[in-house]
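The values are calculated or read from the model by the stated rules, or taken from the named source; none is laboratory data. If you're wondering where the values come from, they're calculated on a predicted model, not measured in any experiment. No Cβ is skipped: glycine too gets one built from the backbone with ideal geometry, and neighbour counts run over all protein chains shown.
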């Protein structure tokens, strides 16, 4: 098969890791594994300061090895959009894959796509993480429509996003592809080694909330669940909160004080670098995603990689990937329901059985399958 040329447009190094940058870099490696030529075109400025809730947009980790990453796009500078579009257009790639997650990016990415398509050779695809955003703002609909109308086809990683997409683009080809496995955080390690790396006592049972802390992710529900008398009676259980606050932390600290949870919590609320991710998952017995609403979550696929059972709420696409009773628990987004699942996990002695099911179930989430499906869609829409 002839070598194909692929460009991925979206977050990547030197922007900090987190879900999309990590995904884009892992996807680039997957294309390279198939023998293709790949470049990621990323942002010099992703968010203006008023839109970025974290401490820094830029990574202090080493650059990923063996990837071509071009820093070009300034999200608020239209001149950079034209420069980027022309840079990619002249390369005449077989496929360009945009990551679309926020309407704010619609004008820039939509303009870049329109310039690229002038070469009449490139299939323009978009992985749409969100079509209807979690936090709504003025301009969401026109910005999203402007971007989507410039693309030839779409990939969604949850069926709920596919439904949202069809409201904007009912006629264009679109496929649902489950989020592939995050297998790039290193091998699993023993709980003892993970706890040693994190300076934690290995004699406790740990549940894990992982990722950026935003209102829709439901950490407040999990804190209220932790206050459930059934969990309070078991002093061996502690919650690790690992991830940076992307909103005001005050309401969470008020809940911690209200329910006197200080002794039940390990707060690691700085940005978690990729090199430390495995320690948190391997220290934990159970990963909890108490989201109030969601599309899909890369946290699920990290948990799969480390064979960790999960509690997820029945919102968005989470339940699609976590068969209830087989690899974890699917519950309603309510503190009592979340607490009941945690209690069930620790009292039923099912941890080993769930882990065995996970080891089998996760085999379907391969990157090669994801790449093959992208190429099939590109062939369908190619000019």
Please enumerate the residues belonging to segment 305-323 that are touching a strand residue (DSSP E or B) at 6+ places or on another chain (Cβ under 6 Å) and assigned to a loop (DSSP other than H, G, I, E, B).
308, 309, 314, 322
Residues 354, 321: which one is more than 22 Å from the chain's Cα centre (by Cα), surrounded by 15 or more Cβ atoms within 10 Å (Cβ to Cβ), on the phi < 0 side of the Ramachandran plot and touching a residue at least 40 places away in the same chain (Cβ under 8 Å)?
354
Which of (1) surrounded by fewer than 21 Cβ atoms within 10 Å (Cβ to Cβ); (2) in contact with a helix residue (DSSP H, G or I) (Cβ under 9 Å, 6 or more places away or on another chain); (3) in a helix (DSSP H, G or I) does residue 326 not meet, given it meets every other one?
(3)
Tell me which residues, restricted to segment 71-107, are assigned to a strand (DSSP E or B) and over 23 Å from residue 378 (Cα atoms).
71, 72, 73, 74
When you look at residue 171, is it outside any strand (DSSP E or B), assigned by TED's automatic domain parsing to the domain that holds residue 241 and either within 22 Å of residue 25 (Cβ to Cβ) or more than 22 Å from the chain's Cα centre (by Cα) (or both), yes or no?
no
Quick one: residue 341 ticks every box in (1) buried (at least 16 other Cβ atoms within 10 Å of the Cβ); (2) on the phi < 0 side of the Ramachandran plot; (3) touching a residue at least 60 places away in the same chain (Cβ under 8 Å) bar one, so which box is it?
(3)
Can you tell me how many residues within segment 179-199 are touching a helix residue (DSSP H, G or I) at 6+ places or on another chain (Cβ under 6 Å) and either without any contact (Cβ under 8 Å) to a residue 12 or more places away in the chain or part of a loop (DSSP other than H, G, I, E, B) (or both)?
10
Going through 374, 338 one at a time, which residue ends up being at pLDDT 95 or above, touching a strand residue (DSSP E or B) at 6+ places or on another chain (Cβ under 8 Å) and farther than 24 Å from residue 231 by Cβ?
374
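Determine, yes or no, whether residue 152 is within 26 Å of residue 5 (Cβ to Cβ) and modelled with pLDDT of 95 or more.
In short, yes.
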